[in-house]
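J.: The structure under discussion is supplied below as structure tokens; questions concerning it will follow.
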Amino acid sequence: METRVAVISIIVTNADRVDALNDLLHEYSEYILGRMGIPYREKDLNIISVAIDAPMDKINSLTGALGRLKGISAKVNYAKS
């Protein structure tokens, strides 16, 4: 199956949902190349970037599931093929 490289940008405004976020990322760990988290204490939020190489349906599924968590927003940016 063809895979795509992408970066998922995640903003966490509800720290109570971090466990659910980490559970989702763990489910897709076979596709994740790396992740970087930045705590932004002044604004009481966290910024996370996840680099991923996976089939488009997996990337879209993960991004959608993340976005459905209350207090978490997620957007995906695909590399050009």
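J.: Under a crude label model (7 Å from the Cα following the beta-carbon direction), how far is N60 from E42 in nanometres?
T.: Distance between label points: 3.9 nm.
J.: Please give me the summed charge of the neighbours of K70: other residues whose Cβ is under 11 Å from its Cβ, Lys and Arg +1, Asp and Glu -1. Write out the running numbers ahead of the final one.
T.: Numbers: positive: R17, R68; negative: D16.
After counting each charged neighbour, the total is +1.
J.: So what's the angle, to the nearest 10 degrees on a 0 to 90 scale, between helix 56-67 and the longest Cα principal axis of the chain?
T.: 10 degrees
J.: Scaled to the compact-protein estimate 2.2 N^0.38 Å, what is the alpha-carbon radius of gyration of the stretch 3-81, rounded to two decimal places?
T.: With N residues counted in the stretch 3-81, Rg over 2.2 N^0.38 Å equals 1.04.
J.: Between A79 and E30, take the C-beta separation as r, use R0 = 22 Å, and let me know the FRET efficiency to the nearest 0.05.
T.: The formula returns an efficiency of 0.70 here.
J.: Could you please rank I48, I11, I59, placing first whichever residue has the fewest other Cβ atoms within 10 Å of its Cβ? Kindly include the intermediate steps, with their values, before the conclusion.
T.: Working: I48 20, I11 15, I59 23.
By the 10 Å Cβ count, ascending, the order reads I11, I48, I59.
J.: With a sphere of radius 12 Å drawn around the Cβ of A54, what net charge do the other residues whose Cβ falls strictly inside it have (Lys, Arg +1; Asp, Glu -1)?
T.: Working: positive: R4, K58; negative: E2, E27, E30, D53, D57.
Charge balance near A54 sits at -3.
J.: Still on this structure, I have one more. Would you list, by chain and number, the lysines whose Cα falls below 29 Å from the Cα of K58, excluding same-chain residues fewer than 8 positions away?
T.: Partners within reach: K70, K75, K80.
Every number here is computed from the coordinates shown, using simple stated rules; none is lab data. Quantities reported herein were computed from a predicted structural model and do not represent experimental measurements. Every residue, glycine among them, receives a Cβ derived from its backbone with ideal geometry; neighbour counts consider all protein chains shown.
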